[in-house]
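A short write-up of the structure that comes next.
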Amino acid sequence: MNQLKKIAASLIGTVVSCSAFAATRPPEPEQPNILFVLIDDLGWTDAGCLGSDFYETPNMDRLFSQGMSFSSAYMAAPICSPSRACINLGRYPARYDYNAVREAVLKRAKRNTKLIGPLPDDSVPSDGLTLPRLMQQAGYDTVSVGKWHVGGPEKTKPLEFGYQQHLWRPVGKDPDDMKNIDWITDAAIGWLEKRTDADKPFFMYLAHYAIHHDYYAEDSLVQKYEEMLAPGMKHNYPLYAANLEHLDNGIGRLMDALEHMGLDENTVVIFASDNGGRTAKIDYQQATSNEPLKQGKHTLYEGGVRVPLLVRWPGVVEAGSTCSLPIHGVDFMPTLGHIAGLNPDAIEGMDGASFMPALFGKEPAMDRVHDGLYWYYPNYIIELSPGPKTYTMIIRPWGAVRIGDWKLVWFFEDENLAELYNVAEDLGEHTNLAFKHPEKVAELKEKLFAWLADTGAALPMPNPDYDPTRPDALLQVSQDTR
């Protein structure tokens, strides 16, 4: 074991603030390789190292022990497509009317609802500055591997965004690898092995289809978790746990391949989820739990938008460290450009800011275009159909803003339903302080609507055909039943 690995091993498990290592910042290597691993629907506690009492994820645990974990990291949306668009564009999805998944909104468009949400625009802009083009400006080879899901055909859209290569196959076709976990891992390793210009740094955007439903795993692995079940466990779905272990094995194989090829010491690994874990019930079984966070995917509560985030940079980022700096999806593109050696302040059109100084123990200014963090979901999600594959969920048009420790959740159907939380003191968003602090509600509402105006966001409009007397009317519900 070399000296660097000895130091890292001695620090595994330590918890530090972002400012702990500012005095001893090591020199960063010039233009490291960058591997961005994006998991689909991985919840905030969906790993052993993240607090699960059920899931066995030794490879994720190892990865998190080797880098800096961000405890207040957020994606730009509570669902996949807008979050992925934001990563690749560096701008809020509201700027290009991509706040939801178009086909999902169309599916629910004829509901008898009080408002009509704007139809998402699938023509996501791909002709300007994008993440792969930014990385190419810095001299990187760029490749996308796996799931895309940002408007347009999966097979070709990443190339329109500027990726030089896109490795992809349809999901759900291989009975032994229904989520393409093994295929994506093999494709990534194969690309790395076949690189012809090994002296040139690479940027790989690797996006898994797992752990999105439906869930698949070998019977023996499911049985293993069925036998592990015990009363009172926060996580308790054996099929989900088995699928997650399969995904974890793929992550381990990729990290082992980097080490075998001698690439691990000069490769920055960013590991994140596209949104919170799914907590809506499927066939009467809750997939996962994000506790202590409230609710999950599709919601603007912490469980829907706060995600696991890990940055591993050997010799630069302290192993086993944590940082509580709030990070947003708009921050990834300027940060990645910064890691690649570019001046983040010179990258035009970005809504976010680089958090790279936090990796060195400094407290970044995070001078974003807008003060605070913003989310916007202007559509309904309603699934109450009986029978197999039942989803029990009602989501209404809403927005949210966090400034400092204060977070406002705003419902467009009725401003009297506004919710205000101090997420530093009430991480689980249990106590609505809106009536106690109306001045804070007014302040954050003004910020939220100024942001909506600046981004040009299309707002939900009154439904002229809404009839609250009809049996199928989606009536307004109280906070307790939302």
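No lab work stands behind these numbers, since they all come straight from the coordinates. Quick caveat, the model's predicted, so the values are computed rather than measured. Glycine also receives a Cβ, built like all others from the backbone with ideal geometry; neighbour counts cover every protein chain displayed.
Structure notes:
- By the count of other C-beta atoms within 10 Å, a proxy for reagent exposure, Tyr209, Tyr225, Tyr55 are ordered fewest to most as Tyr209, Tyr225, Tyr55.
- Full-extension gain in nm, Glu348 to Gln165, via 0.36 nm per residue minus C-alpha separation: 63.4 nm
- Residue exposure proxy: Ser321, Ser144, Ser72, ordered by other Cβ atoms within 10 angstrom of their Cβ from fewest to most, comes out as Ser72, Ser321, Ser144.
- Only the Cβ atoms of Lys and Arg (+1) and of Asp and Glu (-1) were treated as charged; on that basis the dipole of the chain about its Cα centre amounts to roughly 520 debye.
- Neighbour counting of Cβ atoms within 10 Å sorts the residues Tyr92, Tyr374, fewest neighbours leading, into Tyr374, Tyr92.
- Nearest-ten-degree value, helix 219-228 long axis tilted from longest Cα axis of the chain: 70 degrees
- Net length gained if the chain between Lys281 and Glu226 were fully extended (0.36 nm per residue, minus Cα distance): 17.9 nm
- Take the Cβ atoms of Glu193 and Arg133, set R0 to 41 Å, and the FRET efficiency comes out at 0.95.
- DSSP-defined antiparallel bridges as percent of all bridges, the chain, nearest 5: 55 percent
- Cleavage-rule hits (trypsin sites (Lys or Arg not before Pro)) in the range 179-277: DSSP loop, at most 16 neighbouring Cβ within 10 angstrom: Arg195, Lys234
- Spin-label pair Val369/Asn112, simplified geometry with 7 Å Cα→Cβ offset, distance in nm: 4.1 nm
- Computed lengthening from Asn416 to Leu433, 0.36 nm per intervening residue step minus Cα-Cα distance: 4.9 nm
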